Amino acid sequence: MMTNEKRATVLLADDHALVAAGLAKLLEEDYELLGTSGDGRSLVAAVFEHRPDIVVMDISMPQLNGLEAARQIKSVAGDTKIIFVTVHADLAYVAAAFRAGGSGYLLKGSAAGELRKAMDEVLAGGWYLTPLIEGASLQDLMKTPEQKHFLTGRQREVLQLVAEGHSAKTIGNVLHISAKTVEFHKAEIMKRLRLHSVAALTRYAIDHGISAQSSN
């Protein structure tokens, strides 16, 4: 890790206040914690403003899930490293996280014992995958066929917000587009996925890790 004169800067994102506070406690002694976000969209805005050395984030978050947030972060702040701290141990999530730009992946249950090690590895230019995910290697994960949603990034954003119960007007305000454009995207999503109700869209979003889940 860096010296006190030049500590690595960190942004933290988790929608559970107690989890965020616990992670912040682990980080604040050795790193410069720039702030904490409770959703993916505010995290992306904070990254664009502060350009931290590293982001520690969850996958399941409201407004913009961690995978989409990571893609947006890496597209503009490519040097910022990303570590995912999540409850998702499924290999599909792990593979998606590294494809989205992650450099580290650990589970919330082991964060207290692993986060500093993961930070050091990632800041040194390496990779970190928790040993709790058995039978997985980074090389094998990157060979896993990518799950295709047949949706654009904008459509995935709209889908998540629809699944979270937001109105077209609210979604438009969040994404800075008109409500009419939101409805267009919603119709196109239903057409592409061959789904015919908001309930079906919501289930799809949850099943494919697009929408935040209350159990994250």
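Going by the conditions given, is ASP39 touching a Pro at 6+ places or on another chain (Cβ under 6 Å) and of a type in the set (D, E, K, R)? Spell out how you get there, then give the answer.
Values: touching a Pro at 6+ places or on another chain (Cβ under 6 Å): yes; of a type in the set (D, E, K, R): yes.
Yes; evaluated as a whole, the condition is true for this residue.
Does HIS166 meet the test of being assigned to a loop (DSSP other than H, G, I, E, B) and not acidic (Asp, Glu)?
On the way: assigned to a loop (DSSP other than H, G, I, E, B): yes; not acidic (Asp, Glu): yes.
So HIS166 passes the test.
Any residue in region 73-87 that is modelled with pLDDT under 95 and either crowded, with 20+ Cβ neighbours inside 10 Å or not assigned by TED's automatic domain parsing to the domain that holds LEU132 (or both)? Yes, the conditions are met somewhere in region 73-87.
Given the options LYS186, LYS191, name the one that is surrounded by fewer than 18 Cβ atoms within 10 Å (Cβ to Cβ) and either touching a Pro at 6+ places or on another chain (Cβ under 6 Å) or among the charged types (D, E, K, R) (or both). I'd like the intermediate steps shown before the answer.
Details: LYS186 fails: surrounded by fewer than 18 Cβ atoms within 10 Å (Cβ to Cβ).
Only one candidate passes the filter, namely LYS191.
A single entry from ASP58, ASP120 fulfils the requirement of being within 20 Å of ASP15 (Cα to Cα) and charged (D, E, K, R): ASP58. Give me the residue from region 100-148 that is among the charged types (D, E, K, R) and at pLDDT 90 or above and, out of that set, surrounded by the fewest Cβ atoms within 10 Å (Cβ to Cβ). Filtering region 100-148 for residues that are among the charged types (D, E, K, R) and at pLDDT 90 or above, the one surrounded by the fewest Cβ atoms within 10 Å (Cβ to Cβ) comes out as LYS117.
The values are calculated or read from the model by the stated rules, or taken from the named source; none is laboratory data. It should be emphasised that the depicted structure is a prediction, and the values quoted were computed from it without experimental measurement. Note that we place each Cβ from the backbone using ideal geometry, even for glycine, and neighbour counts take in every protein chain shown.
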